[in-house]
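So the structure is just underneath, and the comments pick up after that.
Bear in mind these aren't lab numbers, they're just calculated from the coordinates by the rules spelled out. Small disclaimer: the values here were computed from a predicted structure and weren't measured. Backbone-built Cβ (ideal geometry, glycine too); neighbour counts: all protein chains shown.
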Amino acid sequence: MCGGGGAVAMSVIGASGDPAAGGVKAVADVETVDREAVEATPDTAPTIGIDLGGTKIEGIVLTADGRTLVKRRIPSPREDYRATIEAIAGLVGWLKAEAASQLPGPARVGIAIPGSLAPATGRVQNANSTWLNGQPLQSDLTARLGTPPRLANDANCFALSEAEDGAAAGARSVFGVILGTGCGGGIVLGGRLIDGPRGIGGEWGHNPLPWPRDGETPGPLCWCGNSGCLETWISGPALAADHRRVTGADISVEDIVASARRKSDAPDVRAARSTLSRHASRLARGLASIVNVIDPEAIVLGGGLSNLPHLYAEVPELARPFIFAADRRIDLRPPRFGDASGARGAARLWRTHRER
Ligand SMILES: [Zn+2]
């Protein structure tokens with residue numbers, strides 16, 4: 001294939017007029033393209049990974065050894081299922097065109113989705129992008145792309161990516177957590193993603209907050225219909241909502257964190273620190289319940305809240321009283337690939353065994 005060339009920085013800005021973009025409106029983004037020669041046989045050919053998020057769709061072309069050939073991020077259509085299909089198809093078309101010389105034969109496309117496919121019906125379930133729920137996403141994408149994509153829950157793709165060559169590379173058992181607008185989880189054992197016959201392997205966000213304390217029951221009403229789900233306590237919006245309930249101050253997670261870091265003993269600073277402490281305690285209890293069931297070698301945090309450094313110091317200590325073992329340590333790690341792990345893991349759906 002084409003030879004030579006190392007990493008080349010390429011900027012694609014406002015490329016909506018580009019015929020190769022397939023009508024996709026691009027947002028400003030800087031991309032790194034590695035055009036080093038790739039041996040493109042069917043087994044080692046690069047694969048396409050798409051991460052369908054609530055606000056953006058990220059696409060990459062990933063080589064078998066984990067190099068990104070090309071990537072792009074576009075806005076996610078909201079509340080519009082057909083527009084979502086078209087946006088994904090446009091992005092896949094653009095990626096295929098960009099990496100055409102290194103993608104022999106039909107492109108292999110993996111897609112990380114919010115929620116999951118119900119194995120019995122092939123329809124989306126449990127997505128907090130609720131306009132996807134009940135839709136036959138797999139068959140509609142197969143018709144639109146002309147080739148069947150592999151779909152998996154976004155937290156599962158995150159866990160797969162971080163277990164394969166990310167923060168938990170080398171660990172035999174990995175629990176991956178996404179703490180963002182929601183709260184997802186994924187389990188990888190011996191390199192295999194655990195999906196389960198219901199398609200909910202690794203989901204933990206809609207279990208109740210364990211070892212509840214005064215004021216924590218029944219807990220906030222969750223969009224799933226139950227009350228007190230972990231997601232209503234430990235996601236980003238849940239952290240801000242908890243601060244609002246306790247203090248009356250309606251401020252963002254970023255402002256809560258900034259306030260807690262101020263060198264001051266003012267009431268609002270102490271209140272922000274208390275909010276972060278309650279959140280860390282709840283996350284610790286939630287993770288302890290996972291450790292007591294699957295005993296993972298490593299736990300990797302992803303999503304927006306994984307950028308909070310205090311979690312890695314405090315959560316393992318706060319979890320200790322709840323670990324049912326003589327060795328009460330847990331190995332909690334920040335992600336290596338962060339936001340990119342959804343798309344990287346999706347591309348890896350073609351290189352992994354999945355257990356049902
Ligand atoms: Zn719930």
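Structure notes:
- Extent along principal axes [Cα atoms of segment 166-299; Å; largest to smallest]: 49, 34, 23
- Taking every full run of DSSP H in the chain, the ones that stretch at least 18 Å from end to end by Cα along their long axis and average -0.5 or higher on the Kyte-Doolittle scale are 81-98, 267-294.
- Measuring nothing but how far apart in sequence close Cα pairs (under 8 Å, 6+ apart) lie, relative to its length, segment 167-335 scores a relative contact order of 26 percent.
- Computed from point charges on the beta carbon alone (+1 for Lys and Arg, -1 for Asp and Glu), the dipole magnitude for segment 79-148 about its Cα centre is near 200 Debye.
- Considering only 168, 182, 321, and ranking their Cα positions along the charge dipole of segment 167-335 that arises from unit charges at the beta-carbon of Lys, Arg, Asp and Glu, the one farthest toward the positive end is 321.
- Rounded to whole Å, the principal axis extents of the Cα atoms in the chain read 61, 42, 42, largest first.
- Take the Cα of residue 251, step 7 Å toward its Cβ, do the same at residue 147, and the gap between the two points is 5.0 nm.
- Long-range Cα-Cα pairs in segment 107-227 (distance over 22 Å), rounded percent: 41 percent
- Once the mean of 1/r is taken over each pair of separate Cα atoms and inverted, segment 175-216 shows a Kirkwood hydrodynamic radius of 11.8 Å.
- Helix-only [θ]222 nm of the chain, DSSP H runs n ≥ 4, -39500 (n - 2.57) each, per residue, nearest 500: -9500 deg cm²/dmol
- Rg/Rh (Cα only; Kirkwood hydrodynamic radius) as it applies to segment 226-305: 1.03
- The charge dipole of the chain, taken about its Cα centre with unit charges on the Cβ of Lys, Arg, Asp and Glu (plus for the first two, minus for the last two), comes to roughly 320 debye.
- As a proxy for reagent exposure, ranking 158, 175 by other Cβ atoms within 10 Å from fewest up yields 175, 158.
- Using the Cβ of residue 281 as centre and a radius below 15 Å, the other residues enclosed give a net charge of +1, where K and R count +1 and D and E count -1.
- Put in line by how crowded their Cβ is, counting other Cβ atoms within 10 Å and starting with the fewest, 235, 227, 281 read 227, 281, 235.
- When the chain is described by a simple charge dipole with +1 on each Lys and Arg Cβ and -1 on each Asp and Glu Cβ, the residue from 83, 122, 224 located farthest towards its positive end is 224.
- Surrounding net charge for residue 220, when Lys and Arg each add one and Asp and Glu each subtract one, Cβ distance under 14 Å: +1
- Length available on full extension from residue 214 to residue 295: 0.36 nm per residue minus the Cα-Cα distance, which gives 26.4 nm.
- FRET E, pair residue 265, residue 86, Förster distance 56 Å, beta-carbon r, rounded to 0.05: 0.55
- Scoring 247-256, 66-75 by mean Cβ neighbours within 10 Å over their residues and listing the highest first yields 66-75, 247-256.
- Over all other residues within a Cβ to Cβ distance under 15 Å of residue 82, the charged ones net out to -2, with Lys and Arg as +1 and Asp and Glu as -1.
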